[in-house]
């Protein structure tokens with residue numbers, strides 16, 4: 001092959017790769033990088049904080065997280081904080097149960113956290129989504 005043919009094939013290949021979306025982040029030109037919005041991960045309105053029916057010294061917070069991103073959300077980090085009635089923090093769970101651990105695009109994932117509260121002082125809870133990735137790193 002001559003040099004002209006090689007250059008044409010190379011330019012066609014590069015153009016094909018760029019047009020297929022393999023380079024998503026146009027600013028850094030990072031291959032295959034996908035951006036995910038934390039704001040598009042929503043805690044459901046049906047999230048609840050309840051006491052265990054058999055042992056009311058156990059308090060559970062459970063619900064769903066919906067992923068409204070076009071990509072799966074991996075390595076999702078959420079914080080569940082429970083408070084006393086005066087507003088001070090009772091406890092924080094940074095590793096709640098999450099199933100599935102990666103939230104599918106346009107899908108949801110169930111979560112729950114357990115808190116031991118023998119004196120029944122937990123008055124309210126708060127669920128915050130801290131971070132997520134669009135791909136395994």
Which parts of region 91-118 would a label at residue 45 reach, counting a residue when its backbone N lies under 20 Å from a point 7 Å out along Cα-to-Cβ? 106-111
Helix 3-19: angle to the longest alpha-carbon principal axis of the chain, degrees 0 to 90, nearest 10? 20 degrees
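Do the sum for the chain: with -39,500 (n - 2.57) for every DSSP H run of n ≥ 4, divided by all residues, what is the mean residue ellipticity at 222 nm, to the nearest 500 deg cm²/dmol?
My calculation for the chain gives -4000 deg cm²/dmol from helical runs alone.
Please report the relative contact order for the chain, taking Cα pairs under 8 Å with a sequence separation of at least 6, and give it as a percent rounded to a whole number.
26 percent
So what are the chain's ellipsoid semi-axes, whole angstrom, largest first, if each one is the square root of 5 times an eigenvalue of the alpha-carbon gyration tensor?
Working through the eigenvalues yields semi-axes of 48, 12, 10 Å.
Once the Cα gyration tensor of region 58-121 is found, what semi-axes does its equivalent ellipsoid get, as square roots of 5 times the eigenvalues, in whole Å, sorted largest first?
Over the Cα atoms of region 58-121, the semi-axes work out to 28, 11, 9 Å.
Bear in mind these aren't lab numbers, they're just calculated from the coordinates by the rules spelled out. Computed from a predicted structure; not experimentally measured. Note: ideal-geometry Cβ built from the backbone for every residue, glycine included; neighbour counts use all protein chains shown.
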